[in-house]
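One structure is given below, encoded as structure tokens.
The values are calculated or read from the model by the stated rules, or taken from the named source; none is laboratory data. Since the structure is predicted, the reported quantities are computational estimates derived from the model, not experimental observations. We place every Cβ from the backbone using ideal geometry, glycine too, and count neighbours over all the protein chains shown.
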Amino acid sequence: MSDTTRRPTRAASRAGRRVDEPELRTLRFPVGLSETDFRLKVGHGIAFLAQGGALEVAVRGERAAARELVDRVVAELAVCAEPAGGARRTAEEIIVVLKPRPAAGAERRSA
């Protein structure tokens, strides 16, 4: 048996995810969020994406206002993330998963 196969770490095994999958965290944004709290949450999201994790953005509220807030959050995080598919709706929330953008140097190396 070859030793080149990747084995899951204990933490990844306990979390029920594969080793090569990024960690997923959820940021929840209520519609009536103040500007200060919005900036704080976006800053935490940027820091987490910079570490290579994936982010799930959940916005709760009236559909039109929630859609505007989702668009605003995605635009703010566009510098370091891109949507991994479209937005999905539940009864109470609109959810978008964002994955980190590959670094500029990594793109050049793979090309």
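Answer yes if at least one residue in the range 23-44 is in contact (Cβ under 8 Å) with a residue 24 or more places away in the chain, touching a Gly at 6+ places or on another chain (Cβ under 7 Å) and among the acidic types (Asp, Glu), and no otherwise. Scanning the range 23-44 turns up at least one residue that is in contact (Cβ under 8 Å) with a residue 24 or more places away in the chain, touching a Gly at 6+ places or on another chain (Cβ under 7 Å) and among the acidic types (Asp, Glu). Looking at Gly85, is it in contact with a strand residue (DSSP E or B) (Cβ under 8 Å, 6 or more places away or on another chain), at pLDDT below 90 and crowded, with 16+ Cβ neighbours inside 10 Å? For Gly85, the condition - in contact with a strand residue (DSSP E or B) (Cβ under 8 Å, 6 or more places away or on another chain), at pLDDT below 90 and crowded, with 16+ Cβ neighbours inside 10 Å - is not met. Just to be sure, is Leu69 at pLDDT 90 or above and part of a loop (DSSP other than H, G, I, E, B)? Judged against the criteria, Leu69 is not a match.
Please go through the range 31-66 and give me each residue that is outside any helix (DSSP H, G or I) and either in contact with a helix residue (DSSP H, G or I) (Cβ under 6 Å, 6 or more places away or on another chain) or aromatic (Phe, Trp, Tyr) (or both), ordered by number.
Going through the range 31-66, the residues outside any helix (DSSP H, G or I) turn out to be 31-34, 51-62.
Of everything in the range 31-66, those that are outside any helix (DSSP H, G or I) and either in contact with a helix residue (DSSP H, G or I) (Cβ under 6 Å, 6 or more places away or on another chain) or aromatic (Phe, Trp, Tyr) (or both) turn out to be Val31, Leu55, Val57, Val59.
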